[in-house]
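Everything below concerns the one structure shown next.
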């Protein structure tokens, strides 16, 4: 149970601070990218030894595929992550409702006419699959050897930061189904209608990263 609680708290913090900075700064590219990256660094060292600090269903899916977690834990992690993201968005919603900033955004992801650059559905899907694959492939690589344990959180945080630097101007950057679902639930309408892209694409990207990792990094006789 402790690992599920840790995932709940970790995802809450990631969503609250990541999307919170995005909304408060008006989507400032560097500030938002750093907020998501630093949140991951902080949580990696806070809850990493408890749950592994997945805080992302796509990461947990990759761990399931590579045999680093079982189906029961995958389900428990996914539920905890989604609930944590909803809780983080709820806190942000109530904070913003008492300010002049309002609650019109909450860091939701969009494509097409609702996005800042009118990115097409296909481009949005490709963007999220590729960015998630790069992010999770890095996670699998840096967590596979104990000698990297001391710097793994920093490497993962920096990777999430540079993924956001390219992704924010395109899709707002999801790479995390829980992080995208939560604001969509609160905003409804277009955000909820389009959120399937930001659930499916990161999961596909996570699975792709897992299979690439197994093919490229694990000797044939040792594959799960």
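Read-outs: derived from the displayed coordinates by stated rules, not from any lab. Keep in mind it's a predicted model, so treat the numbers as computed, not measured. Here the Cβ positions follow ideal geometry from the backbone for every residue, glycine too, while neighbour counts run over all protein chains shown.
Below is a table of values for the structure above.
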read-out: Listed residues 192, 212, 16, most fluctuating in the chain (Gaussian network, C-alpha, under 10 Å); value: 212
read-out: At 0.692 mPa s and 37 °C, Stokes diffusion of the range 146-224 via Kirkwood alpha-carbon radius, µm² per second; value: 222 µm²/s
read-out: Fluctuation leader among 107, 20, 76 - the chain, Gaussian network, Cα springs under 10 angstrom; value: 76
read-out: Approximate spin-label separation residue 120-residue 72, in nm, with each point projected 7 Å along Cα-to-Cβ; value: 4.7 nm
read-out: Potential lengthening between residue 190 and residue 31 on full extension [0.36 nm per residue; Cα-Cα distance subtracted]; value: 54.7 nm
read-out: 0 to 90° range, to nearest 10: angle between helix 71-96 axis and the chain longest Cα axis; value: 30 degrees
read-out: Label-point gap, in nm, between residue 149 and residue 200 - each point 7 angstrom along Cα→Cβ; value: 4.1 nm
read-out: Radius, Kirkwood style, for the range 1-144 when every pair of distinct Cα atoms is counted (Å); value: 16.2 Å
read-out: Calculated log₁₀ intensity ratio I(q)/I(0) where the Debye formula runs over C-alpha points of the range 89-224, q = 0.11, 0.13, 0.18, 0.21 Å⁻¹; value: -0.47, -0.63, -1.00, -1.19
read-out: Net lengthening on full extension, residue 79/residue 99 (0.36 nm per residue, minus Cα-Cα); value: 4.1 nm
read-out: Full-stretch length increase - residue 215, residue 113 - with 0.36 nm per residue and alpha-carbon distance subtracted; value: 32.8 nm
read-out: Helical mean residue ellipticity (222 nm; -39500 (n - 2.57) per DSSP H run of 4+; nearest 500) of the chain; value: -23500 deg cm²/dmol
